[in-house]
Amino acid sequence: MPNPPSPAVLSELETMLGPRGFTRDPQATEPWLTDWRRRYRGEAAAMLSPASSAEVAAIVRLCAAERVAIVPQGGNSSMVAGATPDPDGHSVLLSLRRMNRIRSLDADSGLAVCEAGVILADLHSAAAEARRRFPLSLAAKGSATVGGLVATNAGGTQVLRFGTMRGLVQGLEAVLPDGSLLEGLSPLRKDNRGYDLKQLLIGSEGTLGVVTAASLKLVPVIGARAVAWIGLRSPDQGLKLLRRLESALPDAVESFEIVPQSALALVLAHIPGTRAPLGEAYPWNALVEATAPEGAPEPALAEALGEALEGGLAEDAAIASSEAQAEALWRLRESISEAEQKDGPAAKHDVSVEVSAMPRFMAEAAAAVEARFAGTRVNAFGHLGDGNVHFNVRPPAGAGPGWLIDESPAVTAFVHDLVAAAGGSISAEHGIGQTKLAELERLGEPARLSAMRAIKRALDPLGIMNPGKLLSASTGQESLAESAVRP
Ligand code: 2HG
Ligand code: ZN
């Protein structure tokens, strides 16, 4: 088990980092000790805010020598409490937010080298100034940082066309659990020197090291975009529509998000200034964005949708006629989490199955959950084109505040069992963090789990990197016990 830092270690860290890089002030640390969903509250012996990769390496070296646990943190927008320390207050919180420099941005080579603390929206703006864009976006773009996006292999609403962070990270710099600096920022197109450590760190949730910088792929700026809100009968109709739009508008469809009437109703009720985009309410809706590069004609989304309506692949559609209208449609989609949170608790699930199987899964799983847990209401929305929806289950109307603690675990186990039976994943994009750790252990294939544990033990034998996230905290300990009995 990691140790709490001694007063001598804390004072060494304080001297090393100076007043801007070290604090124990409860007011300064308070906002960073609770997860975004406000379900986990932790404590930290200190909050460290290094200004450089060298400082991160020095911190990790000292913590490794003293066996002190480190919880790396970016914008603290994890949906699975992946950056919240344990309540025992023994770990140090390692904030990367001060390391927010874009070290370089080269429009010609389409590459931005960003430190871990660069906020996603700032990267979007810097790329736009250079007439490029970073093609990954999500609702938390105003606070999510590059380091967090890398560490969680973030997805969002453009995965359909550009993939997740795994495809966008071209190079990586990270501090490994022994304090050594892995310098891999150069964007090599070909590199066969063995294991792909970059990909190992992407999505490792801070358990194998601290991401300090990343070389990120930029793509050409958009020349024109068309955004539409479409009324649908079912997710099945939605997926058929997506396939039709993809063949009518090759390489143009960037986003295809599915929104049930229940989610739209929550947004209209809780988010000021929003209004329904269609005259009538449909059981399902899709938000579609199609883009064209500069100099190319605008994507013919209106024509394609006209044909789809005639062919029975959509019930109604509204196309944004200005940027402001396009933004208003996106706001409806991106506010779902916030609206759901304002409405009350929900058992949140972030699941994927094979894309073609998702419409059927959504229908059958919703029926099964609502039959098994009387009064619950499934609110499944999101990235249908990626085979990933947020299959959230709201409590029966009038359920007390205890529902989340007392009743929701059974709902979650039920949903995850259905996902496992469908050959899917219980975490498509949010990661495992603390929230899904027990479920990963319950349902993960033994071969996958034991390989992951072996990697963790090999790279972090002391168990100091983000303990209690992704894999149970005992993983490191077991390794010592095991190696002690091995000849
Ligand atoms: C989204 O797609 C996010 O909006 C959040 O991944 C999903 O709140 C959720 O369940
Ligand atoms: Zn999502």
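Against the chain, whose longest principal axis comes from its Cα atoms, helix 261-270 is set at around 70 degrees. Remark: relative contact order (the stretch 161-216) = 48 percent; criterion is Cα-Cα distance under 8 angstrom and separation of 6 or more residues.
Of the residues ALA8, VAL60, ALA44, the one whose Cα sits farthest towards the positive end of the charge dipole of the stretch 1-61 is ALA44 (charges of +1 on Lys and Arg Cβ, -1 on Asp and Glu Cβ, taken about the Cα centre). Normalised by the number of residues in the chain, the average gap of Cα pairs under 8 Å and 6 or more apart makes the relative contact order 15 percent.
Classified by the C-alpha gyration tensor, the stretch 33-152 has an oblate form. Its axis ratio a/c, with a ≥ b ≥ c, is 1.5 or above, and a/b does not exceed b/c. Rounded to the nearest 20, the Cβ-based charge dipole of the stretch 309-435 about its Cα centre (Lys and Arg +1, Asp and Glu -1) stands at 340 debye. For a modelled paramagnetic label at GLU14, 7 Å from Cα along Cα-to-Cβ, no residue of the stretch 66-99 is in reach, as no backbone nitrogen comes under 12 Å. Using the Cβ of ALA139 as centre and a radius below 9 Å, the other residues enclosed give a net charge of 0, where K and R count +1 and D and E count -1. Let me spell out the model: positive unit charges on the Cβ of Lys and Arg, negative unit charges on the Cβ of Asp and Glu, origin at the Cα centre of the stretch 424-463. What dipole size does that give, in debye rounded to 20? Computed charge dipole of the stretch 424-463: roughly 140 debye. Solvent-accessible surface of the chain, taken per residue with a 1.4 Å probe and all protein chains present: 43 Å². Ranked by solvent-accessible area (1.4 Å probe, protein heavy atoms only, all chains present), the residues GLU315, GLU310 order from largest to smallest as GLU310, GLU315.
Seen against the Cα atoms of the chain and their longest principal axis, helix 323-334 is set at about 60 degrees.
Just the protein heavy atoms count here, and of the accessible area of the stretch 269-359 at 1.4 Å, carbon and sulfur take up 50 percent. Compared with the dominant principal axis of the Cα atoms in the chain, helix 408-421 is inclined by about 70°. Note on LYS198: aspartates and glutamates with a C-alpha under 19 Å away, same-chain residues under 8 apart excluded, are GLU115, GLU173, ASP178, GLU183, GLU429, ASP460.
Dipole magnitude for the chain: about 620 debye, using +1 per Lys or Arg Cβ and -1 per Asp or Glu Cβ, origin at the Cα centre. Distance from the Cα centroid of the stretch 65-131 to that of the stretch 304-332 is 35 Å (rounded to whole angstrom). Of the trypsin sites (Lys or Arg not before Pro) found in the stretch 112-143, those that fall in a DSSP loop while having at most 12 other beta-carbon atoms within 10 Å are ARG131. For the stretch 71-138, what % of the accessible area comes from carbon and sulfur atoms, probe 1.4 Å? C and S atoms contribute 48 percent here. Which pairs, out of LYS342/LYS469; LYS348/LYS456; LYS141/LYS348; LYS141/LYS456, put more than 22 Å between their alpha-carbon atoms? From LYS342/LYS469; LYS348/LYS456; LYS141/LYS348; LYS141/LYS456, over 22 Å: LYS342/LYS469; LYS348/LYS456; LYS141/LYS456. In this simple spin-label model, placing a label point 7 Å from the Cα along the Cα-to-Cβ direction at both GLN325 and GLU441 gives a separation of 5.3 nm. With the whole protein complex present, SER49 retains an accessible surface near 20 Å², based on a 1.4 Å probe. Just to check, using Stokes-Einstein with a Kirkwood Rh over alpha carbon pairs, what's the diffusion coefficient of the chain at 10 °C and 1.306 mPa s in µm²/s? Rounded to a whole number, D works out at 67 µm²/s.
The values are calculated or read from the model by the stated rules, or taken from the named source; none is laboratory data. Since the structure is predicted, the reported quantities are computational estimates derived from the model, not experimental observations. Cβ: placed from backbone, ideal geometry, glycine included. Neighbour counts: every protein chain shown. To get the accessible areas, we keep the full protein, side chains included, count just its heavy atoms, and leave off ligands, DNA and RNA. Shrake-Rupley method; radii C 1.70, N 1.55, O 1.52, S 1.80 Å.
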